[in-house]
Structure formats: C-alpha cells, structure tokens
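What follows is a set of notes on a single structure, which appears directly below.
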Amino acid sequence: MTIAAGFFHRDGIVLCSDTQQETGMAKFHGPKVAVTDIPFGKIAFAFAGHSDFATTAIQSCSTRLADVSPEDTVHVLADVVESEYRRLVFSHPCFDTDPSLWYGLIVALWEESKKSCSLWVTQEHSLHSCFEPFRAIGTGTDLANLIIMPFIDDQLSESKALTLMAYMMARAKDTVAGCGGISQYMAISRLLKNSPRHPE
C-alpha cells in the first residue's frame with residue numbers, strides 16, 4: 001500500500017510519496033503526487049493504496065472541481081471522495097475478501113484570495129481536515145509517525161520540513177515492505193502557487 005504524507009509548516013504544505021505502485025500481483029513505479037488549478041486556487045493530491053482506484057478518484061475530483069465556486073470547493077470534494085470510494089471499493093465484488101482495494105488520499109488546498117493553505121485526508125469514503133501538522137497514510141505510517149513526531153512543529157521552514165520528510169521517506173523505503181522507488185515532493189506555498197520538487 002506504499003506511503004504518502006503531508007506536512008503543514010510555517011510557509012505552506014509539503015506533500016510526498018514514494019513511487020512504488022501495486023495492482024493485484026503487479027508491481028511498478030509511477031507518480032503518486034499531482035497538482036491542478038481550480039477556481040479556489042490550487043489542489044494537490046498524494047495517494048497510497050490501490051493505484052488505479054486512487055488515480056481514478058483524483059481525476060474525478062479534478063474534473064468536478066474545475067468549474068465550482070470557491071465556497072463550494074470542499075463540499076464538492078467531499079461528495080466526490082465519498083461517491084468514488086463507494087463506487088470503486090465498497091461496490092467491488094471482492095470487497096469483503098481483498099484488502100488491497102483500499103486507497104487513501106492526502107489533499108492540500110491553496111486559496112488564492114487568502115493566500116492560505118489547508119491539509120485534508122481521506123478515511124475510506126470520508127474527508128476531513130487535518131488539525132495536526134503531519135499526517136501519513138499507507139503501510140509506512142507507523143514508522144513515519146515514529147520518525148516525524150518528535151520533531152513536529154508547524155513553525156518549521158519549508159527547507160527544514162523537506163529535509164525531515166526526505167529522511168522519513170528514505171527510512172520507510174529502506175525498511176517497510178511495499179514502499180519503494182524514488183520519492184516525490186510537492187511544496188505548496190502560502191504565497192506561491194506551487195513548487196514541484198525534484199525526486200531524490
């Protein structure tokens with residue numbers, strides 16, 4: 001199920017993920033971080049879990065949010081998250097016997113008018129705001145929390161947050177089954193629209 005995470009720091013949000021993806025018996029590598037323009041400003045995603053289902057859900061969210069009013073953004077996002085998870089996972093004929101159908105999303109929203117960022121996470125078909133500065137999903141979650149929590153501080157700079165996240169990702173890929181490939185990072189600044197980072 002791999003790993004993805006979001007870190008809320010003083011300058012904005014950093015999203016990260018590994019690139020190992022698994023569907024059924026197949027293992028391959030591909031991007032798991034994406035960003036797109038919406039009327040609200042910007043929305044960025046990182047995912048863990050079933051790659052095809054997660055990608056489908058992200059594409060559906062991006063399409064639905066392309067023409068909604070800013071005040072309806074979160075409401076529509078929550079509706080799409082719920083409907084897609086119910087359609088792709090809960091309605092799957094192997095839902096009761098195949099745990100690999102699960103996927104989770106970490107979502108960063110950048111509001112252009114307020115120059116503000118917010119961090120959101122899905123739990124199956126639900127979407128909720130992250131009030132804590134850090135959230136990880138996937139098989140590497142326990143290790144990520146163990147590494148990050150002693151240093152958590154929403155007043156860290158973007159560069160320090162990236163350094164901490166890079167160390168966490170390296171350790172997860174070294175020690176946790178299902179985590180692998182290069183790492184991807186997406187920095188969403190309060191002042192700048194987005195700053196994609198080169199993989200390590």
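The values are calculated or read from the model by the stated rules, or taken from the named source; none is laboratory data. Please read all numbers here as calculations on a predicted model, not as lab measurements. Note that we place each Cβ from the backbone using ideal geometry, even for glycine, and neighbour counts take in every protein chain shown. Surface areas here come from the heavy atoms of the whole protein model, side chains and all, with no ligands, DNA or RNA. Shrake-Rupley method; radii C 1.70, N 1.55, O 1.52, S 1.80 Å.
Just one of (1) within 13 Å of the chain's Cα centre (by Cα); (2) under 19 Å from K32 (Cα atoms) fails for G140. It is (1). Listed conditions (1) in contact with a Phe, Trp or Tyr (Cβ under 9 Å, 6 or more places away or on another chain); (2) under 24 Å from A172 (Cβ atoms) are all met by S116, apart from (2). Restricting attention to region 130-158, the residues that are exposed (fewer than 12 other Cβ atoms within 10 Å of the Cβ) and assigned to a helix (DSSP H, G or I) add up to 4. Inside region 5-21, residues that are open to solvent by less than 10 Å² (accessible area, probe 1.4 Å) and over 14 Å from the mean Cα position of the chain (by Cα) make up a count of 2.
The set of residues in region 128-162 that are over 27 Å from D174 (Cβ atoms) and out of contact with any strand residue (DSSP E or B) (no Cβ under 6 Å at 6 or more places or on another chain) comprises H128, F131, Q155.
Can you name every residue in region 84-132 that is without any contact (Cβ under 8 Å) to a residue 24 or more places away in the chain, of a type outside the set (K, R) and more than 30 Å from L191 (Cα to Cα)? Matches in region 84-132: S91, H92, P93, C94, F95, D96, T97, D98, P99.
Among the residues making up region 113-126, those that are modelled with pLDDT of 95 or more and more than 17 Å from F8 (Cα to Cα) are Q123, E124, H125, S126.
For the criterion of being at pLDDT 90 or above, among the small types (G, A, S) and within 22 Å of F131 (Cα to Cα), G12 passes. Among residues of region 177-191 being open to solvent by less than 30 Å² (accessible area, probe 1.4 Å) and of a type in the set (A, V, I, L, M), the one that is nearest to T2 (Cα to Cα) is M186.
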